[in-house]
Every structure is written in structure tokens, then in C-alpha cells.
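My questions all concern the structure below.
The values are calculated or read from the model by the stated rules, or taken from the named source; none is laboratory data. Just so we're clear, the structure is a prediction, and the values are computed from it rather than from any experiment. A quick note on method: Cβ atoms are made from the backbone with ideal geometry, for glycine too, and the neighbour counts reach across all protein chains shown. Side chains are part of the model used for accessible areas, which takes the heavy atoms of the whole protein and leaves out ligands, DNA and RNA. Shrake-Rupley method; radii C 1.70, N 1.55, O 1.52, S 1.80 Å.
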Amino acid sequence: MGRTVEQAAAMTAVEQLDLVRQYFEPYRGRLKTLSDVYMAILWPAGIGKPEEFVLWSSAGRATTYAQNAGLDINRDGVITKAEAAAKVRATLEAGQVPPYLWEGVI
């Protein structure tokens with residue numbers, strides 16, 4: 001993004017939004033779901049794939065699976081796109097109810 005970590009850390013949150021825009025620009029038009037947005041951050045190969053798409057399994061990419069095992073909700077040794085995005089979805093949904101929802105905004 002053309003900045004060092006130190007430079008980005010010294011920017012305000014509003015200034016950092018330009019970096020966020022730059023990061024997501026290559027995915028323009030491809031991010032159709034919340035899961036796709038999260039895949040752009042976590043595992044871009046998952047963008048556009050169905051929710052059941054397997055990102056990692058303990059039998060396949062064992063090292064990557066182990067690093068992300070906390071995302072395996074049902075502990076079946078397989079992490080799907082839906083499982084990976086579940087915590088993000090839950091956080092979004094929690095933010096859409098009182099006391100976090102601004103009355104009249106949504």
C-alpha cells in the first residue's frame with residue numbers, strides 16, 4: 001500500500017480508510033457477500049466460492065488447518081467458508097440490535 005507499518009500506525013483512522021480502499025480495489029465487483037469480504041482478508045481463493053467451499057482440512061493443508069482450527073465450529077477437521085465467516089457474521093448481527101443500532105438508521 002506504499003506505507004510502512006509505522007507510517008500506517010501514525011495515521012488517523014480516517015486516513016487509514018484510504019489504505020483499506022486500496023487493499024480492496026483489486027476485488028471490486030467480486031465481493032457479493034459478507035463471506036466474500038472476509039475471504040479477501042483471510043483467504044482470497046475463497047472469493048466467489050459457495051459457503052460450503054472447504055478452505056482447509058486436517059487431511060489436506062494440515063499446517064494451515066492447525067493455524068485456523070479455532071474456526072472449525074463443528075470440529076470435523078474441515079473449515080468451510082461459512083465456518084470461517086461465522087464469527088464475523090455474528091458480530092455484524094450483534095451490532096444490528098439495540099443498544100448498538102441507531103434508531104432510524106437501519
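About the Cα centre of region 36-81, what is the dipole size in debye to 20, counting +1 per Lys and Arg Cβ and -1 per Asp and Glu Cβ, all else neutral?
Details: 4 positive and 5 negative charges, 27 e Å.
About 120 debye.
For region 1-88, what is the per residue volume of the convex hull drawn over the alpha-carbon atoms, in cubic angstrom? Please report the intermediate quantities before stating the final value.
Values: hull volume 10.6 nm³, N = 88.
Residue-normalised Cα hull volume stands at 120 Å³.
Give the accessible area for Met1 in Å² (nearest 10); use a 1.4 Å probe, count only protein heavy atoms, and leave out ligands, DNA and RNA.
110 Å²
Evaluate the charge dipole of the chain about its Cα centre and quote only its size in Debye, nearest 20, assuming +1 on the Cβ of each Lys and Arg and -1 on the Cβ of each Asp and Glu.
280 debye
I've got another one for you. What longest region of the chain stays clear of trypsin sites (Lys or Arg not before Pro) that DSSP places outside H, G, I, E and B and that have at most 12 other Cβ atoms within 10 Å?
Numbers: sites that count: Arg28, Lys32, Arg75.
My reading of the result: 33-74 is the longest stretch.
Less than 15 Å Cβ to Cβ from Ala9, Lys/Arg counted +1 and Asp/Glu -1: what total charge do the surrounding residues give?
Overall, the nearby charge balance is -2.
Choose one of Gly60, Gly77, Ala40: the residue whose Cα lies farthest towards the positive end of the charge dipole of region 33-106 (beta-carbon charges +1 Lys, Arg; -1 Asp, Glu; about the Cα centre).
After comparing all options, I get Gly60.
A follow-up question, please. Top mean-square fluctuation among Ala62, Ala86, Ala40, Gaussian network model of the chain, C-alpha springs under 10 Å?
Ala62
Related question: Please arrange Glu52, Glu25, Glu93 by accessible surface area, largest first, computed with a 1.4 Å probe and ligands excluded.
Details: Glu52 130, Glu25 75, Glu93 100 Å².
Putting Glu52, Glu25, Glu93 in descending order of accessible area: Glu52, Glu93, Glu25.
Taking the chain as the reference, fit the longest principal axis to its C-alpha atoms, fit the long axis of helix 13-24 to the helix C-alpha atoms, and give the angle between the two in degrees, 0 to 90, nearest 10.
50 degrees
While we're here: Can you give the helix-only mean residue ellipticity at 222 nm for the chain, where every DSSP H stretch with n ≥ 4 adds -39500 (n - 2.57) and the sum goes over all residues, rounded to the nearest 500 deg cm²/dmol?
Rounded to the nearest 500, it is -12500 deg cm²/dmol.
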